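Rule-based calculations on the coordinates, nothing more; no lab input. None of these values were measured; they are calculated from a predicted model. Here the Cβ positions follow ideal geometry from the backbone for every residue, glycine too, while neighbour counts run over all protein chains shown.
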Amino acid sequence: MQRVERTTSIVSVVGIAIFLIAISAPLVRSVLKQDQEYSKSEKRLLAQLPSPPKNTDELVSYPNRFDDYYADQFGYRKKLNSRYIKLMSYFTSRSAVKDVTLGQDGWLFLGSPRPSNKGNDNPFGDARHIEIYSQEDLEVAAAQLEKRRDWLKSQNIEYIYTVAPNKHTIYFDKLPKNIKKEGPRSGTDQLLGYLKENTDVTVVDLRPALLEKRKTADVYFKYDTHWNLLGANLAQYDIMLAVNKLVPDSYPARLFEDNEFEFRAIDKPGDLSAMVQLEKHTEVHPLPRLRGLCLPIDRSTEQDLAKMRKVTTCDKGRKSALVYRDSFGDSLQLYFSRQFEVATYVWKQSDFESLYKEIAIRKPDVVIEEVVERVLPYIPSDKGFPENIE
């Protein structure tokens, strides 16, 4: 009997020791290792150890600042987070990376549902309808876009404005169950609705087609922020329909059907899975068969590339376009470059100074501006408006 009790006691002590070592190892590693300043996989600066508080305000904010620091710098973060994603994706909405949230069914989303989080322009605030315009800001934003359209029109150039929806908007049902809409309208609802009702700026709302198509096929990646090429196909088609109405003899809008895509399972990490160091996984990539269309030629110079600009030409294309875009424009580029004779892509939000310089060189038939929903609510810049251009 005593032998059994002694054995049980030894097992208990060993179990406790293993447990203590396991929970202490990350802390010990954090103390011993040098803090990192930048994460290549997450493409962002990591939080650094906050200075001791010097006043009441700093004292109040210190716990949150230290929490951010420890979340970024704790020991064995990469290995543990990879396991954490697999084990906890169905039981929690928080990952060890503050800019990635675990949704339902293993879906990953950019940003954090914490109200105080403003990283990545707060796409959860967009989804909850709390990142919205004041009436004054809405009117100013619309006026700036209308002024931009009017100025381009004076140069015989058409203007099209569109918003690439957050993944959160199209897959709201895949967000954590505790995420609820706290108002009737989003910032995108406000801006696009106001533009349509009060201006004649050409606006393309991409949400209806994407929401309808997702009933039968994925239009965004599960482990990435962006739409896939099937989703981009819907977006380019709606945009090209607008181009056709504004620019005579432009390339006819073409929607590629599902049977013109090859759906290939590829072991390639998305931007979100890379941020959380998720171990290898497969994701279906819809790849369009672009038969009958030209192979674009990249005409970008070293100076273009240095300024985040790309220029393509296509001998079967028609007219020319200047496209202001963000990362969602990568997939659009695949389609646009085969439909415009000359296409210039500038990775930024437009302003008059940039427009003036680009138009002087490119002389496009149409300017297409695509912005991702998470930047809203924002007021377009009037920097370099013609009155101030030298």
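Laid out as a table, the results:
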read-out	value
Estimated distance in nm for a label pair at Q48 and D267, the labels positioned 7 Å out from Cα along Cα-to-Cβ	3.9
Cα gyration tensor category, rounded, prolate or oblate, for segment 252-390 with a/c compared to 1.5	oblate
Theoretical FRET efficiency, 1/(1+(r/R0)^6), r = Cβ-Cβ of D137 and D326, R0 22 Å, to 0.05	0.60
Anisotropy class of segment 212-325 from Cα gyration tensor, a/c 1.5 cut	oblate
Label-reachable residues, segment 133-165, where backbone N falls under 13 Å from a point 7 Å from D382's Cα toward its Cβ	139-151
Residue exposure sequence - D365, D150, D121 - by fewest surrounding Cβ within 10 Å	D150, D121, D365
Pairwise FRET efficiency - N55 versus R291, Cβ, R0 = 56 Å, nearest 0.05	0.25
Spin-label pair E197/S300, simplified geometry with 7 Å Cα→Cβ offset, distance in nm	4.1
Rg/Rg_globular for segment 282-327, with Rg_globular taken as 2.2 N^0.38 Å and Rg from C-alpha atoms	1.48
Relative packing of 189-201, 230-242, 311-323, 249-261, which averages over residues the other C-beta atoms within 10 Å, highest first	230-242, 311-323, 189-201, 249-261
Note, ³J(HN,Hα) from phi for segment 182-190, Karplus 6.51, -1.76, 1.60, rounded to Hz, x at Gly and Pro	9, x, x, 9, 8, x, 5, 4, 4
HN-Hα J in Hz across segment 354-369 - Karplus 6.51, -1.76, 1.60, θ = phi - 60°, x for Gly and Pro	5, 4, 4, 5, 5, 5, 4, 8, 8, 6, x, 7, 8, 10, 10, 10
Whole-Hz ³J(HN,Hα) from phi, Karplus 6.51 cos²θ - 1.76 cosθ + 1.60, for segment 141-147, glycine and proline x	4, 5, 4, 5, 5, 5, 5
Segment 181-246 - percent relative contact order, Cα under 8 Å, separation 6 or more	25
In nm, spacing of pseudo-spin labels at D105 and E182 (7 Å Cα→C-beta vector)	2.7
Residues of segment 228-251 with amide N under 19 Å of the 7 Å Cα→Cβ point at K153	242-248
